[in-house]
1. Hey, got the dipole for the protein assembly as shown? About the Cα centre, +1 on K and R Cβ, -1 on D and E Cβ, debye to the nearest 20?
2. Taking amide H atoms as placed 1.01 Å from N in the peptide plane, list the residues 5 or more away in sequence, or in a different chain, whose amide H sits under 5 Å from that of A:Asn680.
3. According to a simple spin-label model (label point 7 Å from Cα along Cα-to-Cβ), what is the distance in nm between A:Asp1010 and A:Ala293?
4. Please arrange A:His880, B:His162, B:His487 by counting, for each residue, the other beta carbons lying within 10 Å of its beta carbon, fewest first.
5. Just counting partner chain Cβ atoms within 10 Å, what average do the residues of peptide A:935-946 show around their Cβ?
6. Please state the Cα pair-distance histogram of the protein assembly as shown with 20 angstrom bins from zero: what percent is in each bin?
7. Mind checking A:410-416 for the average number of partner chain beta-carbons within 10 Å of each residue's beta-carbon?
8. Taking the simple approach of a point 7 Å from Cα along Cα-to-Cβ for both A:Ser540 and A:Glu774, what is their distance in nm?
Amino acid sequence: MRKILLTIFSCVLSLYAVAQEGAVQEKKVTGKVTSFEDGSTLPGVNVVVKGTTIGTATDGNGVFSITVPENATLVFSFIGLQTKEVEIGARTTSVDVVLASDISQLNEVVVVGYGTQERKEITGSVTSVSAKDLENLIAPSFDTQLGGRAAGVQVTTPGGVIGQRPIVRIRGVNSLTSSADPLYVIDGVPVVTSDRSSIISTNPLANINPSDIQSYEVLKDGSATAIYGSRAANGVILITTKRGSKGKSSINYSGSVGFSENVDRFDLLNGDQFVTIANEKRSNSGGTALAVAGENTDWQDYIFRKGFVQQHNVSFSGGTETSTYFFSLGYTDQQSSVVKNDMERYSFRANLDQKVGTRLKLGTSLSYTYTQINGLNNGANSLSGAIYNATRSLPNVAIFDPANVEYDGYNTTADGAALGRGNNLANVDNNIPNIAFVLDHNKNRNRNNRVLGSVYADLEIAEGLSARTQIGVDLTLPDDFRSWDPRHGDGRGTTGNVFQAYNPAYRWNWQNTLNYQKSINDVHNFNITAGVEYQKTTFSGFNGSGTGLADRFFLQQNLISNSYINQFSGGSFSERGFESYFGRLNYNYNDKYLVSISARNDAISDLYKDNRSGFFPGASVGWRISQEEFFTSTLISDFKLRASYAELGNVEIGTLPYAGGYSAVLYGPSNGIALTQVTNLPLEWETSKKFNVGLNLTLGRVTFEADYFTTKIDNMVLNAPVAPSLGVPPSNAIAQNVGSMKNSGIELRVSSRVLERGEFSWNTDFNFTLIKNEVTNLINPLSSTYNRTEVGRSIGELYGYRWAGVNEANGNPMYYKADGSIVQYNLSLASANRGWKTYDPNDHANVSTASSLTSGDLAFLGRTLPTWSGGWTNTFSYKHFDLEIFTRYSGGNYIMNETKRLLLGQGFSNNHADILNRWTEAGQNTDIPKVFSGQDANMWQTGNANSRFVQKGDFVRIQNIVLGYRVPSTVLDKISKGNVKSARVIAQVQNPFTFTGYDGLDPELNQYSDQLQYGVDWNAAPIIRTYSLGLNVGF
Amino acid sequence: MKIKFINKVVGMAALFGAMTGCSLTDVEPADRILDGVDGATAINTAGRVKTAVIGVYEAAQRGYYQGAVDRGYPFGAAATEQGDMRGEDMYNDQAFFEITYTNAWTPTTANNVAMWAGLYRVINRANIVLAAIDNAVATGIITETLGNNYRSEVLFLRALSHHEALIHFSRPFSGAPDSYGVPYRTSPIDGTDDIAGGLEAGRGTVASAYAALLKDLDDAERFAPTTGAASSDPVAFTVTPYFANKNAIIALKTRVKLHMRDWAGVITEYDKIKTAYQLMPTPEGPFVNWTSTEAVFSMQNSAISNPGTNASLANMYGNPDFKARGLVKVSPVIWRSAFWVDGDLRKTTLTTSNANGVFSHKYRRYTINDDATPLIRFAEVILNAAEAYARQGDLTTAVTLVNQVRDRAIPASTPSYTEASLGDQNGVLTAIWNERRIEFLAEGRRWADIHRLAGEGLLTGVPSKAQSRSVTAIAQYSAGGRLVLDHPLLYTNDLFVWPIPLDETLNNPTLAAQQNKGY
């Protein structure tokens, strides 16, 4: 945004400069003004001789020339930048100045819904994230990098598979079964964010080239979001892409290359340890030894790698008085740290703006992206899931068996049913396949063509009154291809399996707005916006698949006719319409008293016609105390109080949840129909009432921002569970308006230029969020395997049995009953003595009294939602070097380490090395029971969470360390003869360190992304650390 | 000029807004036929009555497993596997069925949750379709007679589902007829208004549930066409085991009455259909020809509609040599038992082996997974009758009947059973029970027999099994091979019946108060 302003102002100021030329002629001073943050040259900076009206402005290359009297002081200033004064000595003829951004950013223009506003006038809670902070980072999508950048925005990267989308929550979780994701609006057009791949996870936001993005605005409170009405309950992220500016054209290249690696690995048994443990499980349970010493294989060596990453972007921008342009080309190729998982993206953007005459402005934003993701089967429970399989595969067998020619030299059983057993006497549990064969032979590919485009026309009808129309489209054209080798792995059971799908999403969005701005006597300032918005989204899809492939040749790229004997097809269709009328009034009195009122009436096709329309009002007020006459503090330069209230809704309630009907079903080869949804006509809008008070304060070099907020969601559209014995379709739940919930919290942000000594400076920017979630009303608790949501608690708390340790007398696992007494599962060799027994604290060996562990003994084991989180950016600069250290932290939540529990399994597959601590003799104090073949369910209570594996999820992560060097312009000029305007080299490491007490691989790993099931680390791929070197060059 | 242009733009915008405004939010689904919205009735043609009835079979064939249609609960295949894994004659080779095999279930175990939910999904779908049939008859869409024909099939499925629920979730009629049954649901739940009423129904007693299901079966028998089933073809009434006809309904009654120890009743029902079916000449017959003269009622699967690789019978039970997963083997417990003689065709033609053990060869559509799931075979009806005769002391008829099933399988060198060779009534009954174990191996019937016989005290509970994952070599099938026994479950143990799932007790206060003991 700053760039645009710079351009506009440079135009004005150069006229001013021309007028001043030749006034006094004493001495000529020339120089260049550059940005502190990125070294780019700054056009349009105001250069004035202090105490005079003598002044000029920098040109398009940041160069100025001014004639000044002796012993003058030059003042360099520009909106959004810190003003700098430079004394001109007697002999000085050249001054290069570096301007840093003004941290208070009062005049910064912020994009809000359907318009812009100056920061000082904002009465809602809006946080801007500069794209500059993110653009050199290597990431599959921009959203993964937003975490910690703004108070109130939590972003969790749940695993290290490329394509997986991060979990983004603004001010907590604001829905139970509807979507909790924010609304993303790119250049004014709300974009489709549903994953349209049917085989792998693909993040639709990965179709946006991060380096095309100019700024991110996060709208958090009711007032800021109210203009988006029904779509804004989960917050809004507004994205503005780069546009050209008037002046000399510029060409910029930015690129990085590097590699990614997994941050950590599982500590598994080696082959020899496995033999000991596996046979001890057997002997303890009365079986015979199955494991026989062989190799020492770490399957992780095969599935993990250092993945190569690179990204290159070229942009061209510039413009004339009447037209501006921005074109970009982008390419990225990122390999994850798990083999066979990578992403390639080619992107193109053209943003054009054209003035026609004096009153009409036309423009377009157009981007096309081609993204290919080679995904991974990482199903937590899939036999061919990379992590599941590699951590369970027998460590005492080899990966390859050159003699096994039929299976390309991979080690498999002779029939191909399972991983080869080596010297062992049995196959690995569940006949899991050789993961190396699977990864090397099966394909999971998604190719997506995405077009995001809009055109607008902006007409100034009369002074202050303008009309704007904008039509946007969002096309997602994804092509899935999956093939499974017929010999081994998932394809074996069907003699090969090939699947292809096309699931396009089409959206058009049309907005018409009228805007009127009026200032009366310079004290009464009005800004009124009114508009209509229409939107239609169509999701459709079809797929074809085949099984029974004799020849593997045909599994490479696409379905090939006649290559398979069994053919299948499928398809789906749904549509959603949206229609809205809205208005907003912003008024301020002398920049002192600020009021904003907005209202919106939205209708969606997903509700029955009688309840289709919803009204969503919002209002906010602000008081800039620092503008008052009585406010005379010289220390405090800005002080604003804000308050807001709004009612919002959530449109992501599923397609036509009110409309019951019969769907097609197949009973074998016979056509049937069945009631798959019951009708519930009274279903209506849920309301989300958001209240916010906040203040902004600038105190010398420190700016301070604080907010307190509450969100109350009532009449929630909840997929309310119904007792299964009622057999209600489709899956024992009916969408109903039941339940309410409350989120409240505090957000703080402090930023400061801590130190500025000569050529060294240190800036810091710290944010902190405290948030509390409480479910205040429900008909019945909502439960799943690990989690339960109940009134009076936060969403999705862990729920399970309470571990009481290992009985040191006999190695039995013990659990607490509800009454606080302890029971043990007697792992007796004699089956008649097996089962639950009471534990006698005075006689540990006594297993004579039968007892039980029942669902009445289940208990809450910890909340899964973090209660505190934030980020901390420190930027240091010395001469031409700059260093940014970005730290992110979060905590207050608990994690169920299901990965660990399952790796302590009692079957014939590999274990976590912790199992070496198992109980082996009376009197031994340990937290691993006696090993016992086949007793997973009783030992670990696998059907529920277990406090033995529940741990705190607190962490502090050094997210990024970025070291930059700006090639001095003198050097550049010398080398390139003025052709290269700027050059910066960067060395960075993303995700270098994490400090946490959690003993899994990473405290953010999460199997589930929905709200009700959360905080479960279950065979997720370790997250990625990336090292890279980058180069930015401007021509 | 400019003003005019603006007017045009604004005018067009308003017009377009008005045009799209009224239609934009009027969206109807393309993937479901509306029912109950603005008076729409989905079942408004004779064709849709038929397809709605077929929809009830679909619920039986493929129910929900953890939220997705998969695995063939409650009758498609998963139920067969659960029935076998609760018994001792099939053996769990992998972690897959370990919880069931080792009696380690809890109210959240996915299998029993899916079974419960799947059965009541059939039941409610049946009730919804019964109401739709009533409406179709009342509005003249179909005739009363045809309506009754359809009703008979739906009532049959409703009764079958309740019976299966009783076998898994309640104590047996033979042991505790006055203990908790299962809610017998007869009215549709198809809207929020129906929920409260549905939640009022308690479990009643086992006896009352049996009475209700027998009434359904009697009505079904009365309503059924003389031959065939309306949903297979409402004109020709084609006879096929995939749709319930009158004889299938009667056959189910022999099973139900056997559980009720109504021996005379079993024989009465048997007599009605004893000539309607014929055993195939060899035991392999019904598995080579799924619609043979011996098939009474089966679930039909197809390549596209089947229980999937995670449950299909061929995949779970088949020999890995044939690309099956082979997670369940024939147990050495029955293989090595004296009553299953070597050379029995059920050993030689209905099993295969590899180095790791013996696998069932009843289901052979490996990689396609469309084997029919046999639910009632005539062999069972015969053995039901044989037991009823034996119980009543008519050992001669009993022996004749059991020999019908056995003689087609045993080698020429093995003599047929005689009253004399079997000794007394107990000997005859034991022979019949053993014959059931052999004949229905890998058909999921074992649990039902354990359930009723343990209730009578004829078994102490679930007999010991080959220890889970202890059978790793074919040598263990030979006499003298290593056999570790484990996992017995006494009838008196609370685990003997499955718990009401936690999802149910959380959302249903009535059943929360009626949970099975010990859970």
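Bear in mind these aren't lab numbers, they're just calculated from the coordinates by the rules spelled out. Here the structure is a predicted model, which is why all the values come from computation and not from measurement. We place every Cβ from the backbone using ideal geometry, glycine too, and count neighbours over all the protein chains shown.
1. The calculation lands at about 2020 debye.
2. Correct list: A:Ala659, A:Gly660.
3. 5.0
4. Ranking A:His880, B:His162, B:His487 by Cβ neighbours within 10 Å, fewest first, gives A:His880, B:His487, B:His162.
5. Other-chain Cβ atoms within 10 Å of each residue's Cβ, averaged: 4.
6. That works out to 8, 32, 33, 17, 7, 1, 0, in percent per bin.
7. Taking all residues of A:410-416 together, the mean is 3.
8. Between A:Ser540 and A:Glu774, the simple spin-label model gives 5.0 nm.
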